[in-house]
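Values in this text are rule-based calculations from the coordinates and carry no lab data. All values derive from a computational prediction rather than experimental measurement. All Cβ positions, even for glycine, are placed from backbone atoms using ideal geometry, and neighbour counts span all protein chains on display.
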Amino acid sequence: MQKHIFAGIDLGDKNSVARIGVDREKDERLGFVNTRGGRARLFKELNRRADQAGGAKIVLAYEASSCGFILRDEAQARGMSCWVLAPTKMEKSVEQKRNKNDDRDAVDVLEKLRGHVLAGNKLPTVWVPDVETRDDREVLRTRLALSEKQTQVKAQIQMLLKRYGVEKPADLGSTRSKQYRQWLESLCVCASRRSVPGSCTSCW
């Protein structure tokens with residue numbers, strides 16, 4: 001009968017916890033740092049235990065987060081099965097929601113994993129996009145972030161001009177125009193000259 005090494009993981013930005021168990025046996029704790037070296041240490045330990053169990057199949061799972069899918073990619077590249085679970089579909093008590101506990105969260109993931117593999121229970125997984133799709137998403141995220149930043153900067157400029165009573169000349173047109181940017185730059189030059197007594201008395 002095929003044996004399994006299960007690893008339920010609470011993946012953090014830095015410190016992470018894995019609860020590791022063979023089939024239905026009592027699980028053990030392994031703490032690791034979420035870096036390439038830390039994850040390699042986790043994989044090495046899982047392989048050691050798999051060899052010790054006579055070639056057991058290694059199965060991992062962790063909840064989706066801002067950490068992305070690197071752990072899954074690295075695990076699958078080593079021939080290990082790895083699922084990414086949907087946090088919103090993981091049942092948690094009010095106490096668990098109020099007081100986060102890494103070990104308890106890792107145990108919850110472990111039990112979900114065991115139930116799926118050993119009893120056929122449904123596993124609340126998320127769709128994992130391929131690398132190309134992830135790259136496309138990063139481009140879109142960056143573009144949206146820059147657009148939001150641009151809007152914020154424009155609002156700050158408008159408020160700064162308003163506080164100093166500076167009005168945009170009517171013939172400049174849109175705030176997106178080259179002429180508008182040149183006008184703003186001229187204000188910066190004038191402001192620097194005003195710091196010198198007797199200079200730039202005609203600006204603004």
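Structural remarks
- Paramagnetic label zone (point 7 Å from Cα along Cα-to-C-beta, ASP103; backbone N under 16 Å) in segment 22-43: 26-32
- Charge context of PHE69, other residues only, Cβ under 11 angstrom, K/R +1, D/E -1: -1
- Within a straight-line Cα-Cα reach of under 19 Å, LYS154 can be paired with the following lysines, leaving aside sequence neighbours fewer than 8 residues apart in one chain: LYS162, LYS168, LYS178.
- For SER147, SER81, SER66, the sequence from fewest to most other C-beta atoms within 10 Å is SER66, SER147, SER81.
- Unsatisfied cross-links (Cα-Cα over 28 Å) in the set LYS89/LYS149; LYS44/LYS89; LYS26/LYS57: LYS89/LYS149; LYS44/LYS89
- Likely footprinting exposure, LYS92, LYS112, fewest C-beta neighbours within 10 Å first: LYS92, LYS112
- In a reduced charge model with +1 at each Lys and Arg Cβ and -1 at each Asp and Glu Cβ, the chain shows a dipole moment near 560 debye about its Cα centre.
- Footprinting exposure proxy for PHE6, PHE43 (fewest neighbouring C-beta atoms within 10 Å first): PHE43, PHE6
- Among [x] 0.95; [y] 1.68; [z] 1.32, the entry derived from the coordinates for Cα Rg over 2.2 N^0.38 Å: [y]
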